[in-house]
Amino acid sequence: MNTPEFNRLDRHVPLFHEFLLGNIEAVQFVVRVFRALHVWDDLIDKDKELTDDEIHSVFWDLLIVLPADSFYIRNQALLGSTLMNAVINWHIANKLEREGDEKDKSIAFILRGAYIDLLSTAAFIVGGIEWVQEIGPTIRRWAHAETFDEYSINLATECEARNANQK
């Protein structure tokens, strides 16, 4: 059984259809990868409870489904490098959050959203440069709705949860 937190992306699927011009393969790819990235973040931050089924589901998607995903296979050069950069930036953001000062946290706030480049890249793939330039600001407004103040509050809560789980 999945927790509401695991299914948090489901409410955004209609937006992904809009951003990706109704391309079902692209939407499924984005949801699959975003869910995996969120679960990875939850496992590292230790701030959300995940069920065994949720963890198994994500690993199944990553190890079995994604390598056979036709959208990913056709566009692996673009999507793979975009995903790699997002993961690198996420690692850097985590380090800045945990070891840095307030300025570092503001940098981390920017870097944490690098995974949204995957959505912009998918929009480019399905609609071309004109489409991604048109929809790009809408994607970014949606993705970056959290303010820096909200991020700071959430980060403090996350740190408390991680520290409590490490005791």
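The values are calculated or read from the model by the stated rules, or taken from the named source; none is laboratory data. Keep in mind the model is a prediction, meaning the values are calculated, not measured. Cβ atoms come from the backbone with ideal geometry, glycine included; neighbour counts cover every protein chain shown.
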Query - Candidates ALA164, ALA86, filtered to the one that is outside any loop (DSSP other than H, G, I, E, B), under 29 Å from TYR72 (Cβ atoms) and of a type in the set (A, V, I, L, M) - result: ALA86
**Report entry** Count of residues meeting criterion [touching a Phe, Trp or Tyr at 6+ places or on another chain (Cβ under 6 Å) and at pLDDT 95 or above] in the stretch 120-156
**Finding:** 4
Requested in this report: Quick one: in the stretch 132-148, of everything that is in contact with a helix residue (DSSP H, G or I) (Cβ under 8 Å, 6 or more places away or on another chain) and outside any helix (DSSP H, G or I), which residue is farthest from VAL13 (Cα to Cα)?
Outcome: GLU146
Query - Pick from the stretch 88-113, criterion surrounded by 14 or more Cβ atoms within 10 Å (Cβ to Cβ) and either closer than 13 Å to VAL33 by Cβ or acidic (Asp, Glu) (or both), ranking: farthest from the chain's Cα centre (by Cα) - result: ASP104
Query - Exclusive hit being over 26 Å from PRO137 (Cβ atoms), of a type in the set (Phe, Trp, Tyr) and part of a helix (DSSP H, G or I), set PHE34, PHE59 - result: PHE59
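Output the residue which, of all residues in the stretch 89-131 that are acidic (Asp, Glu) and part of a helix (DSSP H, G or I), is nearest to TRP142 (Cα to Cα).
Once the filter is applied, the top-ranked residue is ASP117.
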Query raised in the report: If the Cβ limit is 9 Å and pairs must be 6+ apart or interchain, which residue in the stretch 59-84 that is among the aromatic types (Phe, Trp, Tyr) pairs with which residue that is surrounded by 14 or more Cβ atoms within 10 Å (Cβ to Cβ) and not in a helix (DSSP H, G or I)?
Result: PHE71/ASN23
Query - Residue list for the stretch 37-56, restricted to those being of a type outside the set (Asp, Glu), in a helix (DSSP H, G or I) and surrounded by 12 or more Cβ atoms within 10 Å (Cβ to Cβ) - result: LEU37, HIS38, VAL39, TRP40, LEU43, ILE44, ILE55
Query raised in the report: Which one of these is within 17 Å of the chain's Cα centre (by Cα) and of a type in the set (S, T, N, Q): SER70, SER57?
Result: SER57
